[in-house]
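*Asks:* Take a look at this one; I'll ask things after.
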Ligand SMILES: Cc1ncc(COP(=O)(O)O)c(C=O)c1O
């Protein structure tokens, strides 16, 4: 089994298109276009000497910050080297025999389960229903699986499922002995995210884990921080299998400052909302591109023009220094789909101009 393929690989793009890494406009990775907040930057520079020391292996201070932020106890939280690290830890700890994955979605769930010796069943979401689902639909597919991965909002399709539908699935999962993992890596970008997150329910539900990432919203992809929220008993199990010093000292500092930076969070939310609307409206104007409803900081699109598929389009844009995510490598999708991150206005304008040129407008 090959390792999953991801966007944001500037090294590969730079070799392929013979351009410098900083010459690209990268719409293939969904990172906050506002970049690092000044507060995080300053804290990192002030703390650079921490690079000399071992970090706190328990991330105590950061856990306290996260638990205050979420209104949980510290013991309900485990911090990891990005949320991807925690996906692997969950698979390693709970050793699922059989896992249900709603596809198309983030490809690391499948890989993590399979390398832990488990097998995967796939529930293919319907293109006609914008890849969204209602409570009964997951339930009908649940036939003895002991772990279910649900991504909300979903990557790459961008759709958001209601709390009611998720909680129904969690409750039914419990009756059938299944643990539900809800990956909320992109939920900070969602308007009224409080109405969708399951972090509070994860504390009191013995079969629910919620994953969060700080790498996208706070632009810490290179430093790596994520966390999982769950019942204390489940968190303790996970902790036993985690390797020591998983989260480096600078990442712990950056994450602590990120969670205290309310201003940056509000600025990001309103910027993304405004630019997502702008980008989606411009994409809708191009004949041959159909954007789907988008809840996070990226827009998933179907290509409908004869002769233009996702790899051809990615190649044509790549030659111009513009990277998009060709979604044909996602299980359950084909070469009619692309994903575009929401970036700064001037970058979005360049993408639209290049697309109009390719689509002959
Ligand atoms: C849905 C989803 N979950 C988790 C991750 C992993 O994020 P990180 O390990 O950077 O926190 C990604 C990365 O793209 C993702 O798309």
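*Asks:* Only residues that are at positive phi and more than 10 Å from the ligand (Cβ to nearest atom): list them for region 201-229, please.
*Replies:* The answer is 219, and nothing else.
*Asks:* Just give me the residues in region 43-55 being in contact (Cβ under 8 Å) with a residue 40 or more places away in the chain and loosely packed, with under 15 Cβ neighbours inside 10 Å, in sequence order.
*Replies:* 48, 51, 53, 54
*Asks:* So is residue 254 buried (at least 22 other Cβ atoms within 10 Å of the Cβ), within 16 Å of the ligand (Cβ to nearest atom) and assigned to a helix (DSSP H, G or I) or not? Step through it out loud before you land on a result.
*Replies:* Details: buried (at least 22 other Cβ atoms within 10 Å of the Cβ): yes; within 16 Å of the ligand (Cβ to nearest atom): yes; assigned to a helix (DSSP H, G or I): yes.
So residue 254 fits the description; yes.
*Asks:* Among what's in region 26-38 and is within 17 Å of residue 256 (Cα to Cα) and part of a loop (DSSP other than H, G, I, E, B), pick the residue that is farthest from the ligand (Cβ to nearest atom).
*Replies:* Going through the qualifying residues, I end up with 37.
*Asks:* While we're here: When you look at residue 149, is it in a strand (DSSP E or B) and surrounded by fewer than 19 Cβ atoms within 10 Å (Cβ to Cβ), yes or no?
*Replies:* Answer is no for this residue.
*Asks:* Consider only pairs whose beta carbons are under 7 Å apart and that are at least six residues apart or on different chains; among these, list those whose first residue lies in region 146-157 and is farther than 18 Å from residue 88 by Cα and whose second residue is more than 9 Å from the ligand (Cβ to nearest atom) and assigned to a strand (DSSP E or B).
*Replies:* As it stands, the answer is 152/182; 156/300; 156/325; 156/339; 157/300, since those pairs meet every condition given.
*Asks:* Further question: Assuming residue 13 fulfils every condition listed in (1) in contact with a strand residue (DSSP E or B) (Cβ under 6 Å, 6 or more places away or on another chain); (2) part of a helix (DSSP H, G or I); (3) within 16 Å of the ligand (Cβ to nearest atom) apart from one, which condition is it?
*Replies:* (3)
*Asks:* Taking region 70-92, which residues are away from the ligand (no atom under 16 Å from the Cβ) and either within 20 Å of the chain's Cα centre (by Cα) or surrounded by 15 or more Cβ atoms within 10 Å (Cβ to Cβ) (or both)?
*Replies:* Those that are away from the ligand (no atom under 16 Å from the Cβ) and either within 20 Å of the chain's Cα centre (by Cα) or surrounded by 15 or more Cβ atoms within 10 Å (Cβ to Cβ) (or both): 70, 72, 74, 75, 76.
*Asks:* Could you pull out every one of the helices (runs of 4 or more DSSP H) wholly within region 39-137 that has 3 or more residues that are within 30 Å of residue 2 (Cβ to Cβ)?
*Replies:* Passing ranges, in order: 83-94, 108-115.
*Asks:* Shifting gears a bit: Which condition number in (1) within 16 Å of the ligand (Cβ to nearest atom); (2) closer than 30 Å to residue 146 by Cβ; (3) part of a helix (DSSP H, G or I) is the one that residue 295 fails?
*Replies:* With respect to (1) within 16 Å of the ligand (Cβ to nearest atom); (2) closer than 30 Å to residue 146 by Cβ; (3) part of a helix (DSSP H, G or I), residue 295 is out only on (3).
*Asks:* Quick one: what pairs do we get from region 1-17, first residue closer than 13 Å to residue 109 by Cα and outside the structural domain of residue 339 (by TED's automatic domain parsing), second within 11 Å of the ligand (Cβ to nearest atom) and part of a helix (DSSP H, G or I), C-beta under 8 Å, 6+ apart or different chains?
*Replies:* 4/108
*Asks:* Restricting to region 305-337, and then to whatever is more than 17 Å from residue 354 (Cα to Cα) and in contact with a strand residue (DSSP E or B) (Cβ under 8 Å, 6 or more places away or on another chain), can you tell me which residue is surrounded by the fewest Cβ atoms within 10 Å (Cβ to Cβ)?
*Replies:* The selected residue is 331.
The values are calculated or read from the model by the stated rules, or taken from the named source; none is laboratory data. Note that the structure is a prediction, hence the values are computed from the model and not measured. In this analysis, Cβ positions are derived from the backbone assuming ideal geometry, glycine residues included, and neighbour counts consider all displayed protein chains.
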